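Novice: Encoded as structure tokens, here's the structure I'll be asking about.
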């Protein structure tokens, strides 16, 4: 479904990503791991259109999408979360989810001003979808709180829900377990598997929590210093000498 | 503690003296052809000294005074009240709103002409502030040149009537649309800018418009302005003593009542009232529509908004355009009210005052902005008795306000959305 070919990203003299390739098939969880500063988030930023890659191709269903503006890529169904949660803090939880569904709503000014049946129906449908996902991530009680006032773990879950209401094909999660306690990480684990199993979403995951990565990934890509180091199933990666040397077994 | 406060208190008292001494104590008086400095009366000196002592004592015992104020239980009880249940509150608000509009409709028939005139001005500022609230309060784009769109609206009417004899009702939509167009045009170059940079560019834009109006003498009359802007008519009925335009009738003759110059003032007030209500209503709806939500999303986090598929271009331009549209509305009414406009009415201070209204009222909050518009317009009028201290009082009120309630008079309250149980 998504194919990244020889992706390179250069910032002035610094080659942050060098010839990284990666492919994601339908219905699959693919992880990107690597030491801090390896260029994982840069790969994400290229894939989601925040950066225009300096080399290589990104193909979605065989069509090139590299260099397209971020909001267009998101409309193609590639939606991401952020390493540091980015919510609309002074808007309520429901409003956060409504903003995300912009594409599904009737945005015609006139039909909104006179509240045509079509406008109201779409608005209601969006509310229902928001309500569904709030229940799914256990935030229904907090629907009308300001998003900025939620606890950290709740904010993480809201961010994922906000991606899911857009009905994406591919979800890119940037360190979703960072700052979560073990119980919350287990819940997240369940949630991500369920996204794949029940909602037919492919997931690309950047994560430092090895137990999470090894548990749920179908395939893992290891990057070190911007270069691809290894790729394969969790089992293969775990036993790869290069990986152990560069990343896991340094101590 | 007290010893620590002592120096601070002394300093504050000294500052009070330094400020009050020349302002209150010295007067310029014309003696023949010369101007001499005259000291004020003994009473003023005593008052100044007294003020310094009060400041000193307050600062010295500040902590205790504040604790004392905090212990006033009535205030606490007011603040700690249970919030009303949503439905009840909504009903109360609706009743309040209807009453308010009814009073606003009837009220001008019982008061003086000057009061109605002032009220019309208040309504114009309400329209302006509500429009700017979209740009600054909701979309979070600091616009310091908002008055430019106001000027576009006013000059559109003035020029149309001057050159093509357009009436108020024809100019109203044209003025608003033209202002909106200017908003759109300004929007493009500033799309990538945020915060301070945006503020400076919009400031420049505001000045360009004013200077253009000032110097394009052949068309706009330059600093002499444009006069003879017609009053609005009611279904072809004019409000003057004599009918100016062929084919129109006059209001007092049609209804067989005595001519009164007040009719015109009241009529203009009513037009402004209807337009202000229209503005408030439309923006209120917009806030709850997808476009309103995307404005706020962009203000809160541009990167997240884009990652969810919102186009920065569309959202920013819509905010600028809609904000400018209502400024154009207000400008047309203003031109009609004054009958004469010149670039002097559209200086930067005007932008600053409108911005102050939005900030004082509470960014994003419509009711707050309306209250602030009333306060900011009427306060200088009430303080007229203090003549030269007027702006001083005005400034002091703003400083106090920002210290007391930095979030504004009535901060925006988020709408409670009820979800179906069980989804």
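The values are calculated or read from the model by the stated rules, or taken from the named source; none is laboratory data. In this text, all values refer to a predicted model and were calculated from it rather than measured experimentally. As a convention, Cβ positions derive from the backbone with ideal geometry for all residues, glycine included, and neighbour counts pool all protein chains shown.
Novice: Return yes or no: is residue B:335 touching a strand residue (DSSP E or B) at 6+ places or on another chain (Cβ under 7 Å), farther than 26 Å from residue A:116 by Cα and crowded, with 21+ Cβ neighbours inside 10 Å?
Specialist: Numbers: touching a strand residue (DSSP E or B) at 6+ places or on another chain (Cβ under 7 Å): yes; farther than 26 Å from residue A:116 by Cα: yes; crowded, with 21+ Cβ neighbours inside 10 Å: yes.
Yes, satisfied.
Novice: Something else about it: Taking the options A:52, A:86, name whichever one is more than 24 Å from residue A:217 (Cβ to Cβ) and touching a helix residue (DSSP H, G or I) at 6+ places or on another chain (Cβ under 6 Å).
Specialist: Residue meeting the stated conditions: A:86.
Novice: Of the residues that make up the range A:100-116, is at least one under 19 Å from the mean Cα position of the chain (by Cα), at pLDDT 90 or above, within 11 Å of chain B (Cβ to nearest Cβ) and within 20 Å of residue B:309 (Cβ to Cβ)?
Specialist: Within the range A:100-116 (the criterion being under 19 Å from the mean Cα position of the chain (by Cα), at pLDDT 90 or above, within 11 Å of chain B (Cβ to nearest Cβ) and within 20 Å of residue B:309 (Cβ to Cβ)), the answer is yes, since at least one residue qualifies.
Novice: Can residue B:148 be described as crowded, with 24+ Cβ neighbours inside 10 Å and in contact with a strand residue (DSSP E or B) (Cβ under 8 Å, 6 or more places away or on another chain)? Give the derivation first.
Specialist: On the way: crowded, with 24+ Cβ neighbours inside 10 Å: yes; in contact with a strand residue (DSSP E or B) (Cβ under 8 Å, 6 or more places away or on another chain): no.
So residue B:148 does not fit the description; no.
Novice: Let me ask something additional. So, in the range A:38-49, of the ones that are at pLDDT 90 or above and part of a loop (DSSP other than H, G, I, E, B), which residue ends up farthest from the other protein chains (Cβ to nearest Cβ)?
Specialist: Ranking the qualifying residues of the range A:38-49, first place goes to A:49.
Novice: When you go through (1) within 23 Å of residue A:179 (Cα to Cα); (2) free of Cβ contacts under 8 Å to residues at least 60 places away in the same chain; (3) in contact with a strand residue (DSSP E or B) (Cβ under 8 Å, 6 or more places away or on another chain) one by one for residue A:144, which number turns out not to apply?
Specialist: Every condition holds for residue A:144 apart from (1).
Novice: Take the residues of the range A:55-79 that are farther than 19 Å from residue A:9 by Cα and within 14 Å of chain B (Cβ to nearest Cβ): which is surrounded by the most Cβ atoms within 10 Å (Cβ to Cβ)?
Specialist: A:79
Novice: What are the residues in the range A:141-184 that are part of a helix (DSSP H, G or I), within 14 Å of chain B (Cβ to nearest Cβ) and surrounded by 19 or more Cβ atoms within 10 Å (Cβ to Cβ), if any?
Specialist: A:147, A:155, A:156, A:158, A:159, A:160, A:161, A:162, A:163, A:164
Novice: Now for a separate question. Would you mind finding the one in B:200, B:226, B:174 that is within 24 Å of residue B:278 (Cα to Cα) and surrounded by 14 or more Cβ atoms within 10 Å (Cβ to Cβ)?
Specialist: Going through B:200, B:226, B:174 in turn, the sole match is B:174.
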